[in-house]
Amino acid sequence: MKKMVFFFVVLVFIFCSCDKESYFDVAVAYQNDVEYEEAIRYYKLAIQKGENVAIAEKNIGDIYFFKKKYEEAFEHYKNSLEVNADVALDKVIQFISYSDESVRIFSYRLFNEIRNENSRRKMFSCLSQILKSEEQNKILDVIELISKIDDFTPIAEDVVKLLDRDNLIIKQKVLLVLPKIAGIVVKHNYLNKVVDLLNQDNEILKELAIDSLGGMFCWAKKAIPSLFRVAVEYKAYREKALQAIEKIGIPTKEQVAEVFSYIKNKPVEIKVEILERFGNRRAEVKSFIPDFLLFLNDDSEEVKQIVRKSLAKIGKALPSSVPELIELLKNKNEEIVLRVIYELGDLGHDALQAVDSLQKISKDKNRKESLRDAAKVSLQKIQG
């Protein structure tokens, strides 16, 4: 008898268990009947039990989205993506082109917050496909998205390659985000593409290219000579170009020689402004003192005066400049020679290789007495 009762209880249990619906199925039924609060409650129970978690999270997101509770909606879309990107990804991608700005903003935040590496790969794979397409509006939406997220390295190369297109609007948008991936721009040899845009007749492109290069800081160092040319040739962009150069940093010795050679025959106002800009960098431009000294040959007293002021700001030359300074002792301009003598004297023992040249000047009867005396003083400083 006891065995029969036990068997009956087991049968009832099995029958009831088979008949019982899952929390997830109940939630779906409530959602279909537009009973959203109950649907959410049962979806959450399903999630607790591990039933179709990604779909349950996505469905809760859909309910909140329908109710225009976007913050809650995107929190659940994010939860779904963290579990399985395949469930909600297509919908989330569509949101970056949504007409309601608040929805787009929440989608940008979502892309920043996803931590599941597999989900991130799939998200960026979708974005990459859009960037490689011919759908301009969607491409612009993706560029807007990546301007708002912290890291878009997986598609950075796709973004840079958009510069190869003839579409001016896309190029303009790309220029805005390039500073965030400056290393990729340089790595894939696209810096020259940006520099080429400085020569465009399109004013917006030119201005954006200047800003973009400045925003790349030291990564855009190769662009410095081109930016100086813009500053010289286009007065409307002079200030912007010079500011971009200051952001990028100190040019190389070769670049300074190129720039100074370029401006040598330009109007006085240009030479004054550029020399003054360099002079204001003070000790940072010590290695350029020999290049500054050559402008004391200029016909304009205004240029010479700005050189003198700049030299006073910069301070003494670097020991590495001694060979150049020795060469300048051969210059016919007496002011240049006198200043070189002083520079060498200030370097002391670091200028030992200039001793022979200074001794020749100190004994040269054809030189002015002031030069011979200055050479003697500098020799004492160097040899003392």
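Only the coordinates and a few stated rules stand behind these numbers; no lab work does. Note that the structure is predicted; figures quoted are calculated from it, not measured. Virtual Cβ from ideal backbone geometry, glycine too; neighbours counted across all protein chains shown.
Its DSSP H runs of at least 4 residues, each contributing -39,500 (n - 2.57), put the calculated 222 nm mean residue ellipticity of the chain at -21000 deg cm²/dmol, to the nearest 500. Once the Cα atoms of helix 2-19 and of the chain are each reduced to a long axis, what angle between those two axes, in degrees from 0 to 90 to the nearest 10, is obtained? So the inclination is approximately 50 degrees. Label sites at I105 and N202, each approximated as a point 7 angstrom past Cα along Cα to Cβ, lie 3.0 nm apart. Under 14 Å Cα to Cα from K360, which aspartates and glutamates show up? Leave out anything in the same chain fewer than 8 places away. Hits, sequence-local ones excluded: E327, E369, D373.
Consider the candidate values (1) 22, 31, 23, 15, 7, 2, 0; (2) 31, 59, 10, 0; (3) 22, 30, 18, 21, 9, 0; state which one is P(r) over Cα pairs in 20 Å bins from 0, in percent computed from the structure displayed. Here the calculated entry is (1).
Note on N280/C218: beta-carbon distance plugged into 1/(1 + (r/R0)^6) with R0 of 22 Å gives a FRET efficiency of 0.70. Rounded to whole Å, give me the distance from the Cα center of segment 163-210 to that of segment 69-114. Answer, in whole Å: 30. Charge tally around K68: other residues with Cβ under 15 Å, Lys/Arg +1 each, Asp/Glu -1 each, net -3. Going Cα to Cα from K68, which aspartates and glutamates come in below 17 Å? Please leave out same-chain ones fewer than 8 positions away. Reachable aspartates and glutamates: E35, E37, E57, D100, E101.
Once C-alpha pairs closer than 8 Å and six or more residues apart are averaged by separation and normalised to the residue number of the chain, the relative contact order reads 6 percent. Mind giving me the FRET efficiency for T252 and K309? R0 is 25 Å, r the Cβ-Cβ distance, nearest 0.05 is fine. My answer for the efficiency is 0.55. Relative to the longest principal axis of the Cα atoms of the chain, helix 369-383 runs at roughly 60 degrees.
The order of the peptides 203-210, 62-69 by mean Cβ neighbours within 10 Å, most packed first, is 203-210, 62-69. Using 0.36 nm per residue and subtracting the Cα-Cα separation, the extra length available between V268 and E113 on full extension is 50.3 nm. Rg and Dmax, both from the Cα atoms of segment 209-260 and both in Å, are 9.8, 28.
Rounded to the nearest 10 degrees, the inclination of helix 70-83 to the longest alpha-carbon principal axis of the chain is 90 degrees. Each peptide in 131-139, 146-154, 351-359 was scored by the mean count of other Cβ atoms within 10 Å over its residues; highest first, the order is 351-359, 146-154, 131-139. Along the axis of the charge dipole computed for the chain (Cβ charges of +1 for Lys and Arg, -1 for Asp and Glu, origin at the Cα centre), the listed residues A54, G214, L127 are led at the positive end by G214. Of the trypsin sites (Lys or Arg not before Pro) found in segment 295-384, the ones in coil according to DSSP and having at most 15 other Cβ atoms within 10 Å of their Cβ are K330, K332, K365, K368.
Rounded, prolate or oblate: which fits segment 316-384, taking a ≥ b ≥ c as square roots of the Cα gyration tensor eigenvalues, rounded meaning a/c under 1.5, else prolate when a/b beats b/c? Oblate shape, in that a/c is at least 1.5 and b/c is the bigger or equal ratio. Structure shown: which of K91/K138; K138/K173; K78/K171; K148/K180; K221/K286; K264/K330 lie over 22 Å apart, alpha-carbon to alpha-carbon? Beyond 22 Å: K78/K171.
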